[in-house]
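*Asks:* I am attaching a structure below and will ask some questions about it afterwards.
The values are calculated or read from the model by the stated rules, or taken from the named source; none is laboratory data. The structure presented is a predicted model; accordingly, all values stated were derived computationally and were not measured. Because the Cβ atoms are built from the backbone with ideal geometry, glycine has one as well, and the counts that use them run over all protein chains shown.
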Amino acid sequence: MQTSEVMETMIDLARLAQRSGIARPDVITRELLERLLTFCSAQRGAMLLTSPSLTSVSSSSQSTALRTLALHNIVEEEVQTLLTALLPVDGDAPDTARETCWITYRLPLGEVTIESVRSSIPPVLKAEAMITPGLASQTVQALLVIGWTDPANNECRTVVEQGYTSLPLIADAIGAVIVSILLAERAHNLKIAMTREAQEEAERLKAELIGTVNHELRSPLAAIKGYAATLLRHERRLTRDERHEFLLTINEASDRLEILVERLLEMSELEAGSVKLDRVPVDMAHLAQAAIALTEQQGSSQT
C-alpha cells in the first residue's frame with residue numbers, strides 16, 4: 001500500500017467527516033463504505049454497528065448488528081450468513097475468510113454507547129438494553145464486512161491479508177467519520193424531540209386558553225341573558241333608575257363579549273399566520289392600572 005494512496009484516502013475521509021453535519025447520514029455512510037471498498041480494491045461490503053460483547057450471531061437472544069449503516073452489492077440476510085462463519089474467529093484472518101475472500105474488521109468508536117444511539121436501533125434491542133443490566137452503557141463498535149468478487153483461488157489469501165494490513169492505517173479516520181455521523185444524528189434527534197415537546201406544550205396552552213375563553217364567554221352571556229330576562233318579566237315593577245342600571249350592565253357585558261370574540265378571531269389569525277402587527281406607543285402605567293382594575297372588578301364580581 002503506497003503512502004500517497006493512504007494520504008489521499010485520509011483526506012477523503014476528513015471531507016466526509018466535515019459533511020456529516022450537513023448531508024443525510026445514509027448518504028455519508030454509503031459514500032464511506034464505497035471509499036473503503038475502493039481503498040481495499042474490494043467489490044462488496046457492509047458496515048454495521050455492534051456491541052463488543054456480541055462475538056457471535058447466535059450469542060444469547062441478541063442480534064449481532066445493533067444497526068446496519070450501509071450495504072454495497074450485498075443484502076442484509078447474506079451479511080448475517082457470512083457473520084455466522086466469520087465473526088466467531090474475528091481478530092485475525094481466519095481460514096474461512098481466506099477461502100471465501102471475506103474479512104470482518106472491528107472499529108472502536110470511543111465513548112459512543114448503546115444508550116446514545118438507542119433512538120436509531122431496532123425496538124427489540126432497544127427494549128433489551130433497558131432491561132439488561134449494564135447493556136445500555138456498553139460502548140459501540142463499527143463492524144466492517146468486506147469481500148472480493150471471484151478472485152483466483154491463489155489470490156484470496158493475498159487480498160485478505162492485504163485488507164487486514166491496510167485497514168489499520170486508516171482505522172482512526174474511519175472511526176472519526178462514523179462518530180461524526182452518529183453525533184449529527186443524535187443532534188438531529190434531540191432537535192426533533194425539542195420541537196415535539198414545544199408542540200405538545202403549545203397544544204396544552206391552547207387547550208387551557210380555550211377553557212379560559214369558554215368560561216369568560218359564559219360570564220357576559222349569563223349577565224346579558226339574566227338582566228334581559230328580568231327586564232322582560234318585571235319591566236313595570238322596576239323603576240326607571242333600575243332599568244337604566246340593568247341596561248348599563250347589559251351594555252358592559254356586551255362589550256366584554258365583543259372583546260373575547262375579537263381575541264378568538266386573533267387566535268385564528270395567529271394560527272393561520274395572517275396577523276399583521278401594528279406597533280404603537282403604549283402608556284405602561286395606564287395599562288398596568290387598567291389590568292389591576294379589571295382584575296379587582298372580576299374578583300369582586302365572583303365574591
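*Asks:* Consider the range 152-175. How many of its residues are among the hydroxyl-bearing types (Ser, Thr, Tyr) and modelled with pLDDT under 90?
*Replies:* Result for the range 152-175: 1.
*Asks:* Something else now. Does His215 satisfy the condition of being surrounded by fewer than 10 Cβ atoms within 10 Å (Cβ to Cβ), assigned to a helix (DSSP H, G or I) and modelled with pLDDT of 80 or more?
*Replies:* Taking the combined requirement at face value, the residue does not satisfy it.
Per-residue answers, yes or no, for (1) without any contact (Cβ under 8 Å) to a residue 40 or more places away in the chain; (2) crowded, with 18+ Cβ neighbours inside 10 Å; (3) not charged (D, E, K, R):
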site	(1), (2), (3)
Ser20	no, yes, yes
Val27	yes, no, yes
Arg30	no, no, no
Glu34	yes, no, no
Thr50	no, yes, yes
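*Asks:* Taking Val75 as meeting all but one of (1) modelled with pLDDT of 90 or more; (2) closer than 19 Å to Ala176 by Cα, write down the number of the exception.
*Replies:* That leaves (2) as the condition not met.
*Asks:* (1) touching a helix residue (DSSP H, G or I) at 6+ places or on another chain (Cβ under 7 Å); (2) surrounded by fewer than 15 Cβ atoms within 10 Å (Cβ to Cβ); (3) not aromatic (Phe, Trp, Tyr): which one isn't true of Ile224, the others all being true?
*Replies:* Ile224 satisfies every listed condition except (2).
*Asks:* Does the range 227-244 hold any residues that are loosely packed, with under 13 Cβ neighbours inside 10 Å and either under 60 Å from the mean Cα position of the chain (by Cα) or among the β-branched types (Val, Ile, Thr) (or both), and which are they?
*Replies:* Correct list: Ala229, Thr239.
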